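Presented below is the structure to which this report refers.
Values in this text are rule-based calculations from the coordinates and carry no lab data. Note that the structure is a prediction, hence the values are computed from the model and not measured.
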């Protein structure tokens, strides 16, 4: 057995990772950050754990909004890295001039994401490390899947969970009562 830090570091780098943009919104503020430390931690209910470096300006927003979206981005997506890879001030809005949708929880979803997970925040841990762990219960998800004819097909899946607290906004009918 070895406790060589370089061997440990190299072993940890072999764990699969990707390019993710964690987005959040609360009150009149919106933000997002790049993270690659994501892991499924439960299937019933479906949950993800996401690591966020301590001191990020998005952290108070996460705790206030009690929700986030984890956007899976194409590897090497320079636009996302440029826009969300730098430290943002609370008043910076990285969503100006980009296309996005809004999730069930009200959080922005990047339109160029290859998939996303809409999550309600279940809690967070602050280990003696350089990051905090945020636990999110997945309430909806979307994956772009290649079809047999080579075209991209979108599959949106709201998660059926009796514990879901937030509901999609009701549409206002344009019909008037006669």
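Here are the numbers:
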item: Cα gyration tensor, the range 28-92 - rounded (a/c under 1.5), prolate or oblate; result: oblate
item: Shape of the range 27-144, Cα gyration tensor, a/c cut at 1.5; result: rounded
item: Between the range 56-99 and the range 112-146, the alpha-carbon center distance in angstrom; result: 13
